[in-house]
Every structure is written in structure tokens, then in C-alpha cells.
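Only one structure is covered here, and it is reproduced in the block below.
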Amino acid sequence: MKRPDGPGPLMVGFEGKAVPPRLARWLREGTVCGVVLFSRNVEAPRQVRDLCREIRAAAGRGRPAPLVAIDQEGGRVTRLSAAGFTPFPPARCYSLFCCRASRVAGAVGETMAEELRAVGVDINFAPVLDVDSNPENPVIGDRALSSNPESVAELGIAFFRGTLSRGVLPVGKHFPGHGHTAADSHEELPVVRSSRATLLARDLHPFRRAIRAGIPALMTAHVLFPALDREFPATLSEKILVGLLRKQLRFRGAVVSDALEMKAITGRFGIGTAAVRAVSAGCDIVLVGRGEKDQEEAAEAIARAWTDDWDFRKGAPASTRRVSRLREHLSRVGREDPPARRASLRQVGTRRHRELSRLLFDHWESSGQASRAGRSGNIGEG
């Protein structure tokens with residue numbers, strides 16, 4: 001169901017290399033506000049560009065353009081891994097460049113964004129702003145920029161500014177921090193029992209710095225923090241998303257949930273209940289990456305809540321404005337870009353991009369960290 005003030009808060013993934021009929025209908029009706037792409041949707045740069053055009057065409061003229069998002073961190077979380085796209089090692093490699101680390105992080109943000117924009121992707125779910133404070137963490141590891149909160153902040157800001165400079169919207173993750181967990185939220189609900197003071201000094205420091213630097217969007221963590229909320233994980237917690245993020249840290253950008261089909265959520269909540277709870281708690285966009293049944297359940301639950309629940313509806317105008325600001329930024333960048341920077345497939349896999357990639361991989365391999373890095377496959381593809 002389309003909300004009267006704009007598309008619904010749901011973002012979904014799909015199977016295959018073309019827009020399926022159900023998704024085309026949802027885009028046309030305004031049931032979803034956007035689409036997230038995965039490796040299963042990717043074949044080659046031209047195919048991805050045509051797919052993004054198909055997604056936007058399905059929404060029809062006169063409607064808000066659907067947002068197209070992807071996870072392109074580098075390393076284990078690389079969705080554009082098909083021939084033609086430039087590969088990059090994990091984000092941890094930026095720190096190997098010492099006094100040049102921020103410059104390298106910014107250059108990678110620019111390079112990734114140039115390729116994303118060339119094929120029509122609006123949003124990159126990066127940088128990871130989690131602090132790698134637990135060596136036993138099974139899911140973050142070398143995805144984190146550093147084990148030092150200030151280094152994470154500096155490199156994360158450099159990366160997101162590079163991304164923004166090339167017309168793609170960065171999303172920092174996973175608020176308020178997934179780095180100290182000892183469990184994978186794809187498989188179970190992690191619990192971080194650190195004190196509030198420790199969380200503020202360690203995990204929240206990069207997010208606080210990124211917010212002050214103007215990051216436009218953040219993604220939530222499916223993690224329970226008893227010091228912040230004893231009952232709900234961050235994605236579903238009004239105490240964390242409103243009390244801490246909006247009021248204390250004064251974040252004015254958009255909040256995106258991590259994928260709700262992950263077992264940290266579905267192990268305790270029905271996905272429809274979780275979708276409604278996430279929106280009520282402060283998520284502007286809720287993500288269901290795969291599973292038509294789960295996506296249908298989430299869409300129906302949101303539609304029912306919109307009709308029946310005044311408390312659910314009252315936050316919708318502010319949420320819609322925040323998502324609209326993302327679209328406005330993308331539109332403004334497109335109008336202001338000089339001709340030399342206009343999106344073109346010629347910006348994918350350029351010689352400059354390949355040279356930067358080789359430099360980073362050489363440092364990564366020679367550091368010895370590559371042999372110790374996690375090898376658990378492409379995280380989140382399910």
C-alpha cells in the first residue's frame with residue numbers, strides 16, 4: 001500500500017537479472033521506496049546499468065524515483081564482483097598507509113562511487129564504522145577500518161566524503177556498533193554487555209564524528225545492548241534510535257535498518273511485527289533483502305499499521321522528508337556535475353581505478369593480514 005505522503009518505507013531485494021512482475025507492481029504502486037542489489041543480480045556493468053534503468057522505469061513517470069542501493073565495501077562484502085568492475089581488498093587495508101591512510105580511504109570512496117554511479121546505483125551501504133574491539137568477532141573483523149575508535153572515525157569520514165563527492169550516498173553502519181560482538185547477527189542475536197560509558201567512548205565515537213561531519217544516512221545493528229535498552233535490539237529500539245541517535249547525538253539524516261530477515265530478528269519476532277516495530281522505533285527505511293513471503297508479510301503489516309495505528313502514522317511525515325532529502329541530493333548532484341564527471345560506463349574499470357586497486361592489494365598481501373583475514377564468503381548474500 002502506498003502512503004498518502006509518498007512511497008512506503010520498505011526496501012527489498014529480488015532474484016535474477018531482471019525486475020520481476022511483483023516488484024514492478026510494488027514500484028508502480030509505491031509499496032516500496034527502493035531496491036537493494038546483490039551479487040545474484042549482477043552480470044556485467046552494462047547489464048547492471050540496464051537493470052537500474054528498468055527499476056526506475058517500473059515506477060512510472062511523475063512518481064518519486066526509487067532508490068537503488070548496494071553493499072560495496074570491498075573484501076568479503078563486494079556485490080559488484082563481475083568482470084569489468086574494479087575489485088578492492090577489505091577496508092582494513094587503508095590503515096596500512098600510515099600518514100596517507102585518510103587520502104587512500106577517500107580515493108577508494110571516490111573510485112567505488114564513480115563505478116556505482118556509472119551503472120545507476122544511488123546508495124552504498126558503507127563505510128563500516130564499527131570498531132574492531134573483539135578479536136573473536138565472526139562477522140566484522142577486517143571489514144572494520146581499525147581497532148582504534150579515532151582511526152575508524154577519520155578513515156570513515158574520508159571514505160564517505162569521497163563517496164559523496166562522486167554523487168553516491170554513503171550509509172555508515174552498524175549503529176551503535178557491531179564491532180564488540182561475539183556472534184553473527186545473520187545467525188543469532190548478539191549481545192554486547194559493555195557499560196554505557198564504554199559504549200560511548202568506544203563504539204559510538206566514530207558515529208558521533210561522522211554525524212558531525214555530515215554523513216547523510218546510517219544503518220542499524222541487530223544487536224542487543226542492555227546498557228542502552230534491555231528489551232529490544234538497536235534496530236527495534238526507540239530508546240536507541242530516538243533517545244540516543246536523534247536527541248543525544250542530534251542526527252538529522254535517514255536511518256536504514258539492516259536486513260530484517262536475519263535470524264537476530266526473525267529468531268525472536270515475526271518479520272511483519274519487526275517491520276512495524278522498526279519504523280515505530282525510528283527507522284526511515286526498512287530492508288528485507290530476500291524471501292518473497294517475508295517481503296509480502298512486511299508490506300502487509302506496514303499497510304495495516306498505516307491504516308489502523310495513529311502512533312505509527314504520526315512519525316511518517318518526518319520520515320518521508322528525510323528520505324526525500326536523499327533523493328533531492330541525488331537530483332542536485334546530477335544537475336550540478338560538470339560534463340567530464342557525468343555518469344558513463346567508461347568510468348568503470350578505468351586504468352586509474354585498476355592501478356589504485358593493485359596498490360591496495362599489494363599492500364594487503366605483503367602485510368600478512370590477508371592470510372589471517374576471515375574467509376567466510378560473501379557476507380549477507382544468504
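The values are calculated or read from the model by the stated rules, or taken from the named source; none is laboratory data. No experiment lies behind these values; they were computed from the predicted model shown. Cβ atoms come from the backbone with ideal geometry, glycine included; neighbour counts cover every protein chain shown.
Here are a few things to note about the model shown:
- Residue satisfying all of: in the range 42-63; closer than 14 Å to LEU27 by Cα and not in a helix (DSSP H, G or I); nearest to the chain's Cα centre (by Cα) among these: ARG63
- Condition check for ARG290: among the basic types (Lys, Arg) and surrounded by fewer than 17 Cβ atoms within 10 Å (Cβ to Cβ): no
- Any hit, the range 153-171, residues being touching a Ser or Thr at 6+ places or on another chain (Cβ under 8 Å) and surrounded by fewer than 23 Cβ atoms within 10 Å (Cβ to Cβ): yes
- Pairs with Cβ under 6 Å, 6+ apart, first in the range 174-185 and at positive phi and in contact (Cβ under 8 Å) with a residue 60 or more places away in the chain, second surrounded by fewer than 24 Cβ atoms within 10 Å (Cβ to Cβ) and of a type in the set (Gly, Ala, Ser): none
- Selection from the range 20-32 of residues that are more than 11 Å from ARG56 (Cα to Cα), of a type outside the set (Gly, Ala, Ser) and either touching a Pro at 6+ places or on another chain (Cβ under 6 Å) or assigned to a helix (DSSP H, G or I) (or both): PRO21, ARG22, LEU23, ARG25, TRP26, GLU29
- Of the residues examined, VAL139 is not one that is crowded, with 24+ Cβ neighbours inside 10 Å, within 16 Å of the chain's Cα centre (by Cα) and part of a loop (DSSP other than H, G, I, E, B).
- Taking the range 143-236 and the helices (runs of 4 or more DSSP H) fully enclosed by it, the elements with 2 or more residues that are under 13 Å from VAL128 (Cβ atoms) are at 149-165, 204-213.
- Test: GLU297 is in contact with a Leu (Cβ under 9 Å, 6 or more places away or on another chain), of a type in the set (Asp, Glu), more than 28 Å from VAL168 (Cα to Cα) and modelled with pLDDT of 95 or more: no
- Residues that are among the β-branched types (Val, Ile, Thr) and either surrounded by fewer than 23 Cβ atoms within 10 Å (Cβ to Cβ) or farther than 20 Å from ARG351 by Cβ (or both) within the range 60-110 comprise VAL68, ILE70, VAL77, THR78, THR86, listed in sequence order.
- Filter result for LEU204 (surrounded by 24 or more Cβ atoms within 10 Å (Cβ to Cβ) and at pLDDT 95 or above): yes
- Members of the range 323-361 found to be surrounded by fewer than 17 Cβ atoms within 10 Å (Cβ to Cβ), at pLDDT 95 or above and farther than 17 Å from ARG49 by Cβ, listed by number: ARG351, ARG352, ARG354, GLU355, ARG358, LEU359, PHE361
- Contacts under 6 angstrom Cβ, first residue in the range 61-84 being free of Cβ contacts under 8 Å to residues at least 60 places away in the same chain and under 17 Å from VAL323 (Cα atoms), partner in a loop (DSSP other than H, G, I, E, B) and of a type in the set (Lys, Arg), 6 or more apart: ILE70/ARG79
- Qualifying position, being of a type in the set (Gly, Ala, Ser) and surrounded by fewer than 23 Cβ atoms within 10 Å (Cβ to Cβ), among GLY282, GLY253: GLY253
- Restricting attention to the range 114-138, the residues being of a type outside the set (Val, Ile, Thr) and in contact with a strand residue (DSSP E or B) (Cβ under 8 Å, 6 or more places away or on another chain) number 9.
- Candidate set from the range 232-269 (those that are at pLDDT 95 or above and of a type in the set (Phe, Trp, Tyr)); member that is farthest from SER319 (Cα to Cα): PHE232
- Matching residues, the range 250-307, being part of a loop (DSSP other than H, G, I, E, B), touching a residue at least 40 places away in the same chain (Cβ under 8 Å) and over 17 Å from the mean Cα position of the chain (by Cα): GLY267, ARG268
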